Amino acid sequence: EDIALFAEMGFKVFRMSINWTRIFPNGDEDEPNEEGLQFYDQVFRELKKYDIEPLVTLSHYETPVGLVNKWNSWVDRRMILSWEKYVDVVFQRYKGIVKYWLTFNEINCAFLNGWMSSGVATKNMAILADVAHHQLLASAIAVKKAHAIDSANQVGNMITFTPYYPLTCNPEDVIAAWKKSNKSYFFADVQVRGTYPAYQLKEYERMGIKVNITEEDKKILAEGTVDFVSFSYYMSGCASGDTEIMASQGGNFAMGIKNPYLKQTEWGWQIDPVGLRVALNYLYDRYQKPLFIVENGLGAVDRIEEDGSIRDGYRIAYLKDHIKEMSKAIHEDGVDLMGYTPWGCIDLISASTGEMAKRYGFIYVNYQDDLTGNGERYRKDSFYWYKQLIQSNGEQI
């Protein structure tokens, strides 16, 4: 029923993920779970019925808890072998059915929240550096394997991207913004260029961190570079060279200083449509690879009116302003943009706050944080607006 609603909006692509534990429940079984594979057979069949192309993320903030308990997840290099078995199974099973793949969702969040992104409950950077290295190797292995199994496969990475502006024109603020931006770039630099950037190796050196990067690892990274770059964009940030200012302001998910020129959402995320154009240009200039915006949206409190309607004009305004900037990046700046999948097409529990009240979808799901609700679906005003936008290929915005 939900896929039929996506089709009613006119979706040409649906971004989804395969849950590793549906295929290997503990992560280390000898044989995959056939029922799990059949589940995705049905999902893909339903999508194809409506001519909707699946864009599949291989790992989206979920790691088999069996492997967390057995090896402490991605801290252990043996995770790569279990991962390789998993991706081999799904690449073989869905050959000719799925053409577009992403490896790890927001892989750079390993440094921000190791538990959510990687199943590693620590903030120790030496440990997280190993986690990052093992996931980067796993990503490269998946890319190479996908190409070997089906030359039609296109595989992208996925990062969360936050462009940083200097708080002022003080040169120290410019340096601070550059360093903050590197936090977003590092993982993509490895996945696109196939080698560790010098600035990250120097940072590890300053922190006394020694990552075991073997010659074979270097070869794997070099041979497993991605075909395109995908990213989430929700906000921009500001940075200052003044450590007291940086410490005193926890703006935008604690990722930077609040920008005095921008408004913010009910959850304190600043709204910067122009920042999406900035992001697109920064990424395209850096990598010269096709880009794909796979998350962008507004988390807000939606209310059902007596007539069953949901008047979410605020969401329409947010998306409209961002899509206008996307269009400028394409038509005025020459950015090669493959596609755009907003977050999210249907209400779900917010990853950042763990609540239903923070809603992102075009489709309202009647479940509430107090555990009431019957799961009934309602089309929001944004549903009808987005349907018209797709029909006009972005002309009627």
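The values are calculated or read from the model by the stated rules, or taken from the named source; none is laboratory data. Keep in mind the model is a prediction, meaning the values are calculated, not measured. Positions of Cβ are backbone-derived with ideal geometry, glycine not excepted, and every protein chain shown enters the neighbour counts.
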Check: Is it true that some residue in the range 95-114 is among the hydroxyl-bearing types (Ser, Thr, Tyr) and part of a loop (DSSP other than H, G, I, E, B)?
Finding: no
Selection from the range 86-111 of residues surrounded by fewer than 17 Cβ atoms within 10 Å (Cβ to Cβ) and either touching a strand residue (DSSP E or B) at 6+ places or on another chain (Cβ under 8 Å) or among the charged types (D, E, K, R) (or both) yields 95, 97
Just one listed residue, out of 304, 245, is surrounded by fewer than 22 Cβ atoms within 10 Å (Cβ to Cβ) and either touching a helix residue (DSSP H, G or I) at 6+ places or on another chain (Cβ under 6 Å) or closer than 22 Å to residue 169 by Cα (or both), and it is 245
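Collect the residues in the range 52-86 that are of a type outside the set (S, T, N, Q) and free of Cβ contacts under 8 Å to residues at least 12 places away in the same chain, keeping them in residue-number order. Walk me through how you get there before you give the answer.
Within the range 52-86, the subset of a type outside the set (S, T, N, Q) is 52-56, 58, 60-62, 64-68, 70-71, 74-81, 83-86.
Result: 71, 78, 81.
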>> So, residue 83, is that one crowded, with 20+ Cβ neighbours inside 10 Å and under 24 Å from residue 189 (Cα atoms) or not?
In response: yes
Residue count, the range 115-132, condition surrounded by 22 or more Cβ atoms within 10 Å (Cβ to Cβ) and at pLDDT below 95, comes to 1
Restricting the range 182-212 to residues that are surrounded by 18 or more Cβ atoms within 10 Å (Cβ to Cβ) and of a type in the set (Ser, Thr, Tyr), the one farthest from residue 107 (Cα to Cα) turns out to be 196
Being at pLDDT below 95, crowded, with 16+ Cβ neighbours inside 10 Å and of a type in the set (Gly, Ala, Ser) narrows 250, 256 down to just 256
Residues of the range 252-310 being closer than 21 Å to residue 165 by Cα, more than 20 Å from the chain's Cα centre (by Cα) and hydrophobic (A, V, I, L, M, F, W, C), in sequence order, are 257, 262
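Within the range 36-54, is even one residue under 26 Å from residue 216 (Cα atoms), surrounded by fewer than 22 Cβ atoms within 10 Å (Cβ to Cβ) and either of a type outside the set (Phe, Trp, Tyr) or in contact with a helix residue (DSSP H, G or I) (Cβ under 9 Å, 6 or more places away or on another chain) (or both)?
No, there is no match, as no residue in the range 36-54 is under 26 Å from residue 216 (Cα atoms), surrounded by fewer than 22 Cβ atoms within 10 Å (Cβ to Cβ) and either of a type outside the set (Phe, Trp, Tyr) or in contact with a helix residue (DSSP H, G or I) (Cβ under 9 Å, 6 or more places away or on another chain) (or both).
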